[in-house]
């Protein structure tokens, strides 16, 4: 019962808050107000009219009574006068009547219940009438009092006073209300009915507009506003329809900005995150398997640096088109901004279960979502098709550009049951594919996960090492002049002595430093320490130069030359004794940047060496533009000199030395470990030899001792050392 009462109260409250009820009440209120105003006006006018009539009637009756008494006033018995007054007293509307003589000796009131003779009352109107000989009256809210003198020979011999009821507002109102009731009620009822019809004509279109607006607010932008009702409401409907159209356009633009990659028109990272999360949940719920492919372009940075960012965008656009064609057209999820409005709760378990989705995460990184696969090898099949699709050259303004693709594969939920984990797994697998030669695919494995943990641990430890500045140290490996047998230069090589793990080889942390961004502070630290050591050598009177390796991240900075100049100024080192080593690929990727840095620093005397020459993709015409000082021959070529039967390798080394000599470059052969290698290099004009044949990399103190001992030997001993080697 209480529930029914509550429901009725709620319903009544809802109805009373509605516009229909309120407008109807307004109309009824206005009608009632107008009727009430008219009724009050009529009553006031009627009251005044009745009062005027009552005054005329009172004066007329008083005059008649006075005329009937004044001729016989002295001859009447008092009882007879009392009877006359009594008959007047019971006349309608009369409330009081009295007669008094001129001398005020008696007072008659016509009331049978009182004595005939009463003490004279103090009635002002009667006394005034006697004194003036003229009628007098007064009016109050509830009475009309009239006094008429009794005249004889023009003199007042007495006076009669009659008091009448003065009609009140309520007395007049009720007869008027009763007389008008049967005419007002039908008119008022008809007015209410007509008002209800009129209000409904207004509120019904408004109600439909309101319902449509609520549905639009809930996301149903396909709804159309009803155009009906009065002109003003029609205009409102038209305005709503226009607003919905603009809203749809704005939402589509917002979703495009939020979920679409502008360059490739593919789903972006945020949209992909939602779809991958949805696919993982469905896979866990249904106990099925899905796959994620992490695709990264090989050589894309070279395209950007060589041809410009517009060409890079064109590559990305063409690449996305090829991938879309590779994936099964019937399974590819076509991206539409409005699809993003679908909630995860609204998806059925069977929706998109075999679908694939291509997205761009950013840069040259793409992902392919395989919502459900029969077995992990299905992902490899798709990966191979992707790699084959990008093997054909891309056309950039008529130029043919070749790139590759490295693909990392992660299987969910086996390799991760959430977005971050599965994406990280696929990313690690992709890096493994790059490390193993690029343009291939690799699966995520537990070994990769362990490697990722190790890399993260090294990254954290390296940050600490850079902050504490007591774990890192530079080692120096001498370069021996092949003609004079003197150590004229040394290469600075970083070493990391971990307090718990011992000595960590550079190969174990340099790549990690490059990936996590620590290579910049690490490279600057190496440059600073090498320049400090140069200054120390100079102070000791040691005439030797130090070569410092420059990373790709350092070289790509536009302020590299400013940083080198700053370090030289801070340490006071002689720029002529500093040699910066760049890899061949670094110099060739962006020769204009290389030329800018080289020209600025060479004016100070800084020398430049091209490292690992012959292992990259040298463009000799570009290379000739760059004023290098030194060619460093990679150890892979020097190793070939050990085998006297490998004439092909020996020819390559001779060719490199001949080209360098013709261009007036000094040459340094890396990895010299045997006397036969040294003899061959010396014979064909190599300037310097560097390797274990002479010395391993050493800390600065040991290097100083080695350098002093080497230079103290006489020529015959040095010659013997050159023949036999001095490395342990």
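Where a number appears in this text, it was derived from the coordinates with a stated rule and is not lab data. These numbers were taken from a predicted model, which means no experiment stands behind them. Please note: Cβ atoms are built from the backbone with ideal geometry, for glycine as well, and neighbour counts cover all protein chains shown.
Order these by the 10 Å Cβ neighbour count, fewest first: 543, 153. Spell out each step's value before the answer.
Details: 543 10, 153 5.
So the ranking, lowest neighbour count to highest, is 153, 543.
Between residue 399 and residue 663, with labels modelled 7 Å along Cα→Cβ, what's the label distance in nm to one decimal, could you check?
Going from the residue 399 label point to the residue 663 one covers 2.1 nm.
In which sequence would 367, 440, 132, 264 go, from the one with the fewest C-beta neighbours within 10 Å to the one with the most? Could you put the intermediate results ahead of the total?
Numbers: 367 25, 440 17, 132 12, 264 21.
The fewest-first ordering by Cβ neighbours comes to 132, 440, 264, 367.
For residue 86 and residue 56, what is the calculated FRET efficiency with R₀ set at 25 Å and r taken between the beta-carbons, to the nearest 0.05?
Calculated value: 0.55.
Evaluate E = 1/(1 + (r/R0)^6) for residue 456 and residue 285, where r is the Cβ-Cβ distance and R0 equals 45 Å; express this FRET efficiency to the nearest 0.05.
Efficiency at R0 = 45 Å is approximately 0.90.
Could you calculate the FRET efficiency of residue 604 with residue 439 from 1/(1 + (r/R0)^6), where r is the beta carbon distance between them and R0 is 35 Å, rounded to 0.05?
0.25
With the crude spin-label approximation of a point 7 Å out along Cα→Cβ, what separation in nm comes out for residue 569 versus residue 514?
Each label point lies 7 Å from its Cα, and together they span 3.1 nm.
Could you order the peptides 628-640, 502-514 from most to least packed, using the average number of other C-beta atoms within 10 Å per residue? Intermediate values should be presented prior to the final figure.
Working: 628-640: 20.6, 502-514: 14.7.
Order by mean packing, descending: 628-640, 502-514.
If I model a spin label as a point 7 Å beyond the Cα along the Cα-Cβ vector, how far apart are those points for residue 488 and residue 414 in nm?
Once both label points are built, they end up 6.0 nm from each other.
Order 425-436, 592-603 from most to least packed using the mean count of other Cβ atoms within 10 Å. Walk me through the numbers on the way to the answer.
Numbers: 425-436: 20.9, 592-603: 16.2.
The packing order, highest mean first, is 425-436, 592-603.
What ranking do 140-150, 374-384, 389-399, 668-678 get when scored by the average of other Cβ atoms within 10 Å per residue, highest first? Can you show the working numbers first?
Values: 140-150: 19.5, 374-384: 15.5, 389-399: 13.2, 668-678: 21.1.
The packing order, highest mean first, is 668-678, 140-150, 374-384, 389-399.
Could you please rank 682, 170, placing first whichever residue has the fewest other Cβ atoms within 10 Å of its Cβ?
Sorted ascending by nearby Cβ count, the order is 170, 682.
Length gain on complete extension for the stretch residue 190 to residue 466, per 0.36 nm per residue less the alpha carbon to alpha carbon distance? Please list the in-between numbers first.
On the way: separation 276, 0.36 × 276 = 99.36 nm, distance 9.38 nm.
Net length gain for the segment: 90.0 nm.
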